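This report refers to the structure that appears directly beneath it.
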Amino acid sequence: MRATYLFIACCLAIAGIAIGQQPPQKNPYVEKIVKEISAKNIQTNVEKLVSFGTRHTLSDTLSDTRGIGAARRWIKSEFDRYAKSSNGRLVVEFHESTVPPSQRIPTPSKVVNVLATLKPAQEGLSAGRTIIVSGHYDSRAGSPMDVKSDAPGADDDASGVALVLELARVMSSYEFEARIIFAAFAGEEQGLLGATALAEWAKLQSVNVEAVFNNDMVGSTVDGNGTKENRSVRLFSEAFSPLDTGAVFRQRVSLGLENDGGSRTLARYIKELGEQYNPGFGIQLIYRLDRFLRGGDHRPFHERGFRAVRFCEVKENYDRQHQDVRKENDKEYGDLPKFVDYEYCAQVAKVNAAGIATLARAPQPPAKVEVLTSQLANDTGLRWQKNPEKDLAGYLVRYRATSSPVWENALFTSDTTLTIKMSKDDFLFGVQAVDREGNAGLVTLPRPSGRQ
Ligand SMILES: [Zn+2]
């Protein structure tokens, strides 16, 4: 839930604030997108993906009915179908890379992602901003090297790919200011290979990847103990990137920003929007890159300094993950579609939709945000650079107690400076740009003025 805005008239704590046109707190355009997400379509997509028998990265590529080749051609054909209502803006492609032998790759092998890129409605507005939403379409049986046995992978991760497809279907007839890449990755189970190839491409091309929303296992609501949770999802993020070493690390800790790295900032942003646009469904922030003994496709992006997070169900069932399909003592093993809760998956899709649609329509994060520290003062002074977007309404200055996981308050101003009668020692502050529809972009944390 976004914190209530405070007006100067009712808040004596603010000085020097220039009130402009206050934007609305919810955007009907985003609400419409969220509403269109269909659990039925997600179910159809999962069942179709499972019908290919196995989607192991090294499985058959020639058959039209079985193996990873048939699966990726079907995913592409779905994206192509949605492209028809995109007015030429959704561009679909296979993104291929050849990977060298590694622990789970015996010989040099081709790894093929399926990408659908939704271009901004008007070029030039987006400053090259790119948002990636992903799932992995490869699957595995009990042995990671078994390319023949059935590996239905309904939850892991047909659920994530089905969600990505549904988002592409809905969002490709809407318009955005940032580019959105809908990605179905391969090679996840063999070592995050497809995602690593795309992350490496983004780094080499200096792509302005603003956010990666990775969805891996978003359909199970009952765990191995039989306990159920279908009203919330976990969102994994790591506070520091492996690039935050040495002096960078020390400076961030000295400023009290140990909980405000890029990926964590993104997670906080998604939680706020998801719970605002899809009320009654919670987002649990997990302060970890991933679960123990497991990994995910957000990792190669996070490791290269991009903001990247992973959605994952709350209730995992290990009798279904990475298992050969079989029955033992009346117990069923295997990742079968009948165990997926499609209504739950649709809830996670709606959270993704709220975050992606808002971010892709919102202004970019404000630049050069500074907290004034030239002298000791009881007030907090902030300043930042003006945003270039034509539909800009102003800025939300956010603040929270240093120990709070989420932003607690927002002050609106159309100016580029703000003085708040509160101590900078006791709170964390941030600034986000907001447009006239009420779309607020990512929060920029300030640096002390006069320091790098
Ligand atoms: Zn997975």
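So what's the net charge close to R299: Lys and Arg +1, Asp and Glu -1, counting the other residues with Cβ under 11 Å from its Cβ? Please list the in-between numbers first.
Numbers: positive: R294, R304, R310; negative: E188, D216, E238, D290, D297, E303.
Charge balance near R299 sits at -3.
So for the chain, taking the charge dipole from beta-carbon charges (+1 Lys/Arg, -1 Asp/Glu), which of T265, N352, S232 sits furthest toward the positive end?
T265
Out of every Cα-Cα pair in the range 320-372, what percent are more than 14 Å apart? Intermediate results must be reported in sequence, preceding the final value.
On the way: 1002 of 1378 pairs.
Tail of the P(r) past 14 Å holds 73 percent of the pairs.
Which sequence of M422, M145, M171 reflects their accessible areas, 1.4 Å probe, from the largest down? Don't jump to the answer; show the numbers that get you there.
On the way: M422 30, M145 80, M171 0 Å².
The most accessible residue leads, giving M145, M422, M171.
How fast does the range 78-136 diffuse by Stokes-Einstein, in µm²/s, taking the Kirkwood radius from C-alpha pairs at 25 °C and 0.890 mPa s? Display every interim value, and only then the final one.
Working: Rh = 14.0 Å.
The calculation lands on 176 µm²/s.
For every helix of n ≥ 4 consecutive DSSP H residues, a contribution of -39,500 (n - 2.57) applies; sum these over the chain, divide by its total residues, and give [θ] at 222 nm rounded to the nearest 500 deg cm²/dmol. Intermediate values should be presented prior to the final figure.
Numbers: 9 runs with 112 residues, N = 452.
It comes out at -8000 deg cm²/dmol, rounded to the nearest 500.
What shape does the range 134-285 have by the C-alpha gyration tensor, where a ≥ b ≥ c are the square roots of the eigenvalues, rounded means a/c under 1.5, and otherwise prolate means a/b greater than b/c and oblate the rest?
Working: a/c = 1.44, a/b = 1.29, b/c = 1.11.
Taking the square roots of the gyration eigenvalues as a ≥ b ≥ c, the range 134-285 is rounded.
Does the range 252-306 classify as rounded, prolate or oblate by the C-alpha gyration tensor (a ≥ b ≥ c root eigenvalues; a/c under 1.5 gives rounded; else a/b over b/c gives prolate, otherwise oblate)? Could the numbers behind the result be given before it?
Details: a/c = 2.00, a/b = 1.24, b/c = 1.60.
In terms of gyration-tensor shape, oblate.
In a Debye calculation with equal point scatterers on the alpha-carbon sites of the range 135-174 and no solvent, what is log10 I(q)/I(0) at q = 0.28, 0.33, 0.34 Å⁻¹?
With no solvent term, the Cα-only Debye profile gives -0.87, -1.02, -1.04.
Would you kindly work out the equivalent ellipsoid of the range 215-332 from its C-alpha gyration tensor and give its semi-axes, the square roots of five times the eigenvalues, largest first in whole Å?
Values: eigenvalues 204, 66, 22 Å².
Output for the range 215-332: semi-axes of 32, 18, 10 Å.
Throw me the Rg/Rh for the range 29-103, computed over C-alpha atoms with Kirkwood Rh, two decimals. Write out the running numbers ahead of the final one.
On the way: Rg = 15.6 Å, Rh = 14.7 Å.
Computed over Cα atoms, the ratio is 1.06.
Out of every Cα-Cα pair in the range 297-452, what percent are more than 25 Å apart? Walk me through the intermediate numbers first.
Details: 6067 of 12090 pairs.
Considering the range 297-452, 50 percent of its Cα-Cα pairs are separated by more than 25 Å.
Mean 1/r over all different Cα pairs, inverted: what Kirkwood radius does the chain give, in Å? Let's see the in-between values first.
Numbers: mean 1/r = 0.0442 Å⁻¹.
So the Kirkwood estimate lands at 22.6 Å.
Compute the accessible area per residue over the range 67-221, keeping the other protein chains in place, probe 1.4 Å, unit Å².
Numbers: 5040 Å² over 155 residues.
Dividing the accessible area of the range 67-221 by its residue count gives 32 Å².
Compute the length gained on full extension between S38 and S254: take 0.36 nm times their separation in residues and subtract their Cα-Cα distance, giving the result in nm to one decimal. Walk me through the numbers on the way to the answer.
Numbers: separation 216, 0.36 × 216 = 77.76 nm, distance 4.63 nm.
Extending this stretch completely gives an extra 73.1 nm.
Over all directions, what mean area does the Cα convex hull of the range 63-200 project, stated in square nanometres?
Values: hull surface 34.0 nm².
One quarter of the hull surface, i.e. the mean projection, equals 8.5 nm².
Run the quick spin-label model on D64 and R447: label points 7 Å from Cα toward the beta carbon, then report their separation in nm to one decimal.
5.8
How big is the shadow of the Cα convex hull of the range 402-449, averaged over all directions, in nm²? Intermediate values should be presented prior to the final figure.
On the way: hull surface 16.4 nm².
Averaged projected area of the range 402-449's Cα convex hull equals 4.1 nm².
Using only alpha carbons, build the gyration tensor for the range 355-424 and give me the equivalent ellipsoid semi-axes, biggest first, whole Å.
Values: eigenvalues 112, 53, 19 Å².
Semi-axes, largest first: 24, 16, 10 Å.
Projected area of the range 272-330, taken from the Cα convex hull and averaged over every viewing direction, in nm²? Could you put the intermediate results ahead of the total?
Numbers: hull surface 26.4 nm².
Spelled out: convex hull of the Cα atoms, projected over all directions, averaged, 6.6 nm².
Just tell me which lysines come within less than 27 Å, Cα to Cα, of K350; anything on the same chain fewer than 8 places away is out.
Qualifying lysines at Cα under 27 Å: K26, K32, K35, K40, K48, K76, K84, K119, K228, K271, K315, K338.
How many angstrom separate the Cα center of the range 60-133 from the Cα center of the range 410-436?
41
Quick one: which of 57-68, 374-385 comes out on top by average Cβ neighbours within 10 Å, and what's the full order, highest first? It would help to have the intermediate numbers written out before the result.
Working: 57-68: 17.6, 374-385: 14.2.
Averaged packing, sorted descending, gives the order 57-68, 374-385.
Using per-residue counts of other Cβ atoms within 10 Å, averaged over each peptide, order 342-351, 32-41, 102-111, 149-158 from highest down. Kindly include the intermediate steps, with their values, before the conclusion.
On the way: 342-351: 24.4, 32-41: 17.2, 102-111: 13.8, 149-158: 26.7.
Result, highest mean first: 149-158, 342-351, 32-41, 102-111.
P(r) tail for the range 204-263, what percent of Cα pairs lie past 14 Å? Walk me through the numbers on the way to the answer.
Values: 1257 of 1770 pairs.
Distances greater than 14 Å cover 71 percent of the Cα pairs.
Tell me, what % of the accessible area of the chain is carbon and sulfur with a 1.4 angstrom probe? Kindly include the intermediate steps, with their values, before the conclusion.
Numbers: 9180 of 18240 Å².
The value for the chain is 50 percent carbon and sulfur by accessible area.
If you split all Cα-Cα distances of the range 160-207 into 5 Å bins from zero, what percentages do you get per bin, shortest first?
Final binned percentages: 5, 18, 20, 20, 20, 13, 3, 0.
Can you tell me the dipole magnitude for the range 278-335 around its Cα centre, using point charges on the Cβ only (Lys, Arg +1; Asp, Glu -1), in Debye to the nearest 20? Each step should come with its number before you reach the end.
Details: 12 positive and 11 negative charges, 72 e Å.
Result for the range 278-335 is approximately 340 debye, rounded to the nearest 20.
Compute the accessible area per residue over the range 264-363, keeping the other protein chains in place, probe 1.4 Å, unit Å². Numbers along the way, then the final one.
On the way: 3620 Å² over 100 residues.
So the range 264-363 comes to 36 Å² accessible per residue, rounded to a whole number.
The values are calculated or read from the model by the stated rules, or taken from the named source; none is laboratory data. Keep in mind that this is a model prediction, so the values were computed, not measured. We place every Cβ from the backbone using ideal geometry, glycine too, and count neighbours over all the protein chains shown. Calculation scope for accessible area: heavy atoms of the full protein, side chains included, ligands and nucleic acids excluded. Shrake-Rupley method; radii C 1.70, N 1.55, O 1.52, S 1.80 Å.
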